[in-house]
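Student: Here it is, the structure, as structure tokens.
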Amino acid sequence: MAEFNSFTQQVGDALPLLEQMGYEVTTFKVTWGLPPRARLRLKSNGSTDPQKVSGIVAKAPSSGVLVSALISSAVTAKRIQSSMKLGAAFLDVDFAVPPRVNMKFVSPKDSGKDDVRDLDDLEYACRN
């Protein structure tokens, strides 16, 4: 429990940095079990200059391994979003054993839809 609390504190500390990079939290789901599990969904709320993102990350304090992976994934998604001129980017971060990050991009014409679902979402909903 103490590790899980530490983890959620680290993620909470990273949120202002992610917001500066142009992300917003759309959902944060916690499943109590052994081990506890959390799923965080971030949505890019528009295009952000990749150099600005790099500058934000350069000033960031180094946190735990999970938070560093979260931030580097957010940077990678922004780079892909910018270089391919895509609409919204979604990051689904599954903090479990093993952790994983799924990136999803939608076309600019579909960017206004918050409820972009795929088979992973349905699988997750059916398991829980």
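The values are calculated or read from the model by the stated rules, or taken from the named source; none is laboratory data. Everything numeric here is computed off the predicted structure, so don't read it as measured data. Using ideal geometry, Cβ is built from the backbone for each residue, glycine included, and neighbour counts are taken over all protein chains shown. Each accessible area value is taken on the protein alone, full model and side chains, heavy atoms only, with ligands, DNA and RNA left out. Shrake-Rupley method; radii C 1.70, N 1.55, O 1.52, S 1.80 Å.
Student: Only one of G22, G87, G12 is open to solvent by less than 60 Å² (accessible area, probe 1.4 Å), within 13 Å of the chain's Cα centre (by Cα) and closer than 20 Å to K104 by Cβ. Can you tell me which? Break it down stepwise before answering.
Tutor: Details: G87 fails: within 13 Å of the chain's Cα centre (by Cα); G12 fails: closer than 20 Å to K104 by Cβ.
Only one candidate qualifies: G22.
Student: Which residues, counting only those in the stretch 44-94, are assigned to a strand (DSSP E or B) and over 11 Å from M21 (Cα atoms)? First the steps, then the outcome.
Tutor: Here is the first cut: in the stretch 44-94, the residues assigned to a strand (DSSP E or B) are 44, 89-94.
Selection gives A89, F90, L91, D92, V93, D94.
Student: Something else about it: Any chance the stretch 44-54 includes a residue that's in contact with an Asp or Glu (Cβ under 9 Å, 6 or more places away or on another chain), modelled with pLDDT of 80 or more and surrounded by 15 or more Cβ atoms within 10 Å (Cβ to Cβ)?
Tutor: Yes; the residues of the stretch 44-54 include at least one that is in contact with an Asp or Glu (Cβ under 9 Å, 6 or more places away or on another chain), modelled with pLDDT of 80 or more and surrounded by 15 or more Cβ atoms within 10 Å (Cβ to Cβ).
Student: Now, a different point. Only residues in the stretch 19-33 that are within 19 Å of D94 (Cβ to Cβ) count as the first member; pair them with residues that are surrounded by fewer than 13 Cβ atoms within 10 Å (Cβ to Cβ), Cβ under 9 angstrom, at least 6 apart or cross-chain, and list the lot.
Tutor: Cβ pairs passing all conditions: T26/D114; K29/N128; T31/N128.
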